[in-house]
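Accompanying notes for the structure given below.
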Amino acid sequence: MGGKKKTDKEKPLDKMTTKDLKEVAKEISEITGIHGLNKQELLVAIKKSRGIEEKKRKKSDASIKELKQKINVLKNSRAKALESQDKETATVCRRRIARLKKKTRKAA
């Protein structure tokens, strides 16, 4: 009675969940290893197979990986500073980690 019926229109690829993207990718024979791909990789593969050009983004996924590597290095140096009871260095590292995390969120 009050239920909505699904229409044949699908939402934009960028708005779909990973589960929905995997279902779409299953219908495309060109894409293999669907279950091993994350959302961004699925989007790229589906757009490539459909011939959709991807818009250039300011931040790429490579830069996100670089930021995360920097965060891990800072976490290690912060742990060493805490072991040696160097609170000043630990605080500086903590602040840098927080800034880098904000950058990764903005880039995503």
Criterion (closer than 30 Å to L43 by Cα, touching a helix residue (DSSP H, G or I) at 6+ places or on another chain (Cβ under 8 Å) and among the polar types (S, T, N, Q)) met by exactly one of T104, T89
T104
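Table: residues versus (1) at pLDDT 90 or above; (2) in the same structural domain as K103 (by TED's automatic domain parsing); (3) exposed (fewer than 13 other Cβ atoms within 10 Å of the Cβ).
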| residue | (1), (2), (3) |
| --- | --- |
| A25 | yes, no, no |
| S29 | no, no, yes |
| T32 | no, no, yes |
| L37 | no, no, no |
| E41 | no, no, no |
| K55 | no, no, yes |
| K65 | no, yes, yes |
| Q69 | yes, yes, yes |
Residue count, segment 77-108 (criterion: under 26 Å from the mean Cα position of the chain (by Cα) and among the hydroxyl-bearing types (S, T, Y))
2
Can you say whether A81 is small (G, A, S), assigned to a helix (DSSP H, G or I), surrounded by 13 or more Cβ atoms within 10 Å (Cβ to Cβ) and at pLDDT 90 or above, as far as the supplied structure shows?
yes
Checking K19 against (1) at pLDDT 90 or above; (2) outside any helix (DSSP H, G or I), which test does it fail?
(2)
Residue pairs within 8 Å by beta carbon, gap of at least six or interchain, first lying in segment 63-82 and without any contact (Cβ under 8 Å) to a residue 24 or more places away in the chain, second aliphatic (A, V, I, L, M) and surrounded by 13 or more Cβ atoms within 10 Å (Cβ to Cβ), listed first then second, are K75/I97; R78/A90; R78/I97; A81/A90; L82/A90
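The values are calculated or read from the model by the stated rules, or taken from the named source; none is laboratory data. Remember, predicted model here, so these are calculated numbers, not experimental data. Positions of Cβ are generated from backbone atoms using ideal geometry, with glycine treated the same way; all protein chains shown enter the neighbour counts.
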